[in-house]
Amino acid sequence: MNIRRFVKDKARKAHQDTILAEDFLPAGLSAPFKGAYGYLENRSSMEGHSHPAVEIYVVMKGRGKVTVGEESAEVEAGEVVEIPANAYHTMTCSDGGPLLWAALWWPQ
């Protein structure tokens, strides 16, 4: 059994240093997708970006706002967001945080 947990002190800065991220798939696992935790606090926002991979966010803790293309919505723990390939997207922490999500994507 392998159990992983997000550890803020072990996370790295990502997306132009706007979030903390940490890979969560076990080393050596041959999966058709990649995955990482995303973490925000203190009403901060992730750098908006797009990429050619379909992505899924599973909100694990906290509340925030997600923007995908021209649409924005409030999200909270337990919700799942589908992000189409090449769609601009970002996350914002709605309160003091933390906002923690798992991101899964399928490289093209």
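Each reported figure results from applying straightforward, stated rules to the coordinates on display, with no laboratory input. Just so it is clear, the structure is predicted and the values come from calculations on it, not from any experiment. A quick note on method: Cβ atoms are made from the backbone with ideal geometry, for glycine too, and the neighbour counts reach across all protein chains shown.
Cα gyration tensor of the chain, axes a ≥ b ≥ c as square roots of the eigenvalues: rounded (a/c below 1.5), prolate (a/b > b/c) or oblate?
Details: a/c = 1.63, a/b = 1.14, b/c = 1.43.
Oblate shape, in that a/c is at least 1.5 and b/c is the bigger or equal ratio.
Give me the net charge for the shell around GLY35: Cβ to Cβ below 13 angstrom, other residues only, Lys and Arg +1, Asp and Glu -1.
On the way: positive: ARG4, LYS34; negative: GLU22, ASP23, GLU55.
Result for the local shell: -1.
Which ³J(HN,Hα) values in Hz, rounded to whole numbers, follow from the phi angles of the stretch 54-68 under the Karplus curve 6.51 cos²θ - 1.76 cosθ + 1.60, where θ = phi - 60° and Gly and Pro get x?
Result, ordered by residue: 5, 9, 10, 10, 10, 6, 9, 8, x, 9, x, 10, 10, 10, 10 Hz.
Could you work out the relative contact order of the stretch 1-46, using alpha carbon pairs under 8 angstrom and six or more residues apart, expressed as a whole percent?
Working: 49 pairs, mean separation 15.6, N = 46.
In percent, rounded to a whole number, it is 34.
Can you put PHE24, PHE6 in order of Cβ neighbours within 10 angstrom, beginning with the fewest? Mind dumping the intermediate values first?
Working: PHE24 15, PHE6 20.
Result, fewest neighbours first: PHE24, PHE6.
Treat the count of other C-beta atoms within 10 Å as a stand-in for reagent exposure and order TYR39, TYR57 from fewest to most. Walk me through the numbers before you get to the answer.
Values: TYR39 25, TYR57 22.
Fewest-to-most Cβ neighbours within 10 Å comes out as TYR57, TYR39.
Tell me, GLU79, GLU74 in order of fewest to most beta-carbon neighbours within 10 Å? Write out the running numbers ahead of the final one.
Values: GLU79 16, GLU74 11.
So the residues, fewest neighbours to most, are GLU74, GLU79.
I need the shape label for the stretch 1-62. Rule: rounded when a/c is under 1.5, else prolate if a/b > b/c, else oblate, with a, b, c from the alpha carbon gyration tensor. Working shown, then result.
Working: a/c = 1.89, a/b = 1.26, b/c = 1.49.
Note, shape of the stretch 1-62 comes out oblate.
Along the charge dipole of the stretch 12-106, Cβ charges K/R +1 and D/E -1, which of PRO32, THR92, VAL81 sits furthest on the positive end?
It is PRO32.
Let me check against my output: what whole-number percent is the relative contact order of the chain, with C-alpha pairs under 8 Å and at least 6 apart? Provide the component values of the computation, followed by the final result.
Details: 261 pairs, mean separation 33.9, N = 108.
Answer for the chain is 31 percent.
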